[in-house]
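S.K.: Pasting a structure below so you can have a look.
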Amino acid sequence: MELIQYLKPNANIELKNMLSMEQKRRLRIKPTLFFPFVENALKHGSLNDKESFINITLKETEDRQLSYCLVNSTEHQDDNRFKLKNSGQFGLQALQDLLDAYYPNSNIEHRTLPNKQYLSKLTLNLN
């Protein structure tokens, strides 16, 4: 997070880690799974204005899934909505392949939100 703030000093960076201490001790997740989302926000987001932001929320759902949700500001509004499996993005497809191997029934979702925002979400099946 400090590196993002250094690279994009005008962006408001917020991490909401909603995991309990017990959940943090119990969960064993490769942290590199989260890097492509931050990298995409840095590459494709609008993070140079004072109103720019990256908001990350990490939590475990009631059905024992880990939800990692990143919302960032963008320069343009786009109504395209898609799931990764319909995408030709090589890096994210490689990540989906890794998820399929180590975390079956997990998925990645990306979509444009209103007000020039973009959502990237990773849902890991922990069962």
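S.K.: Order 60, 75 by their accessible area, 1.4 angstrom probe, all chains in place, largest first. Write out the running numbers ahead of the final one.
M.R.: Values: 60 35, 75 140 Å².
Largest accessible area first, the residues go 75, 60.
S.K.: Taking the Cα centre of the chain as the origin and placing charges on Cβ (Lys, Arg +1; Asp, Glu -1), which of 9, 119, 102 is farthest toward the positive end of the dipole?
M.R.: 102
S.K.: Something else: Taking a cut-off of 15 Å between Cα atoms, list the aspartates and glutamates near residue 59, but don't count ones fewer than 8 places away on the same chain.
M.R.: Excluding near neighbours in sequence, the set is 14, 22.
S.K.: Sticking with this structure for a sec: Among 67, 106, 20, whose mean-square fluctuation peaks in a Gaussian network model of the chain (Cα, cutoff 10 Å)?
M.R.: Result: 20 has the largest fluctuation of those listed.
S.K.: If the reach is capped at under 15 angstrom between alpha carbons, list the aspartates and glutamates near residue 121, excluding any in the same chain fewer than eight residues apart.
M.R.: 39, 60, 109
S.K.: Hey, what did the chain get for relative contact order, percent, Cα under 8 Å, at least 6 apart? Each step should come with its number before you reach the end.
M.R.: Numbers: 213 pairs, mean separation 30.9, N = 127.
Dividing the mean separation by the residue count of the chain yields 24 percent.
S.K.: Quick one: with all protein chains in place, what share of the accessible area of the chain is carbon or sulfur, to the nearest percent (1.4 Å probe)?
M.R.: Values: 4050 of 8080 Å².
Whole-percent figure for carbon plus sulfur exposure: 50.
S.K.: While we're looking at this one, here's another question. Using the crude model of +1 on Lys and Arg Cβ and -1 on Asp and Glu Cβ, and no other charge, please compute the dipole size for the chain relative to its Cα centre, in debye to 20. Write out the running numbers ahead of the final one.
M.R.: Numbers: 17 positive and 15 negative charges, 62 e Å.
Around 300 debye, computed over the chain.
S.K.: While we're on this one: Output wanted: per-residue J couplings in Hz (rounded whole) for the stretch 71-76, from phi through Karplus 6.51 cos²θ - 1.76 cosθ + 1.60, θ = phi - 60°, x for Gly and Pro.
M.R.: Values, residue by residue: 10, 9, 6, 10, 7, 10 Hz.
S.K.: Leaving out ligands and nucleic acids, note down the accessible area per residue over the chain with a 1.4 angstrom probe, in whole Å². Before the final figure, lay out each step's value.
M.R.: Working: 8080 Å² over 127 residues.
Accessible area per residue: 64 Å².
The values are calculated or read from the model by the stated rules, or taken from the named source; none is laboratory data. None of these values were measured; they are calculated from a predicted model. Here Cβ is always computed from backbone atoms with ideal geometry, including for glycine, and neighbour counts include all displayed protein chains. Quick note on the areas: whole protein, heavy atoms, side chains included, nothing else; ligands and nucleic acids left out. Shrake-Rupley method; radii C 1.70, N 1.55, O 1.52, S 1.80 Å.
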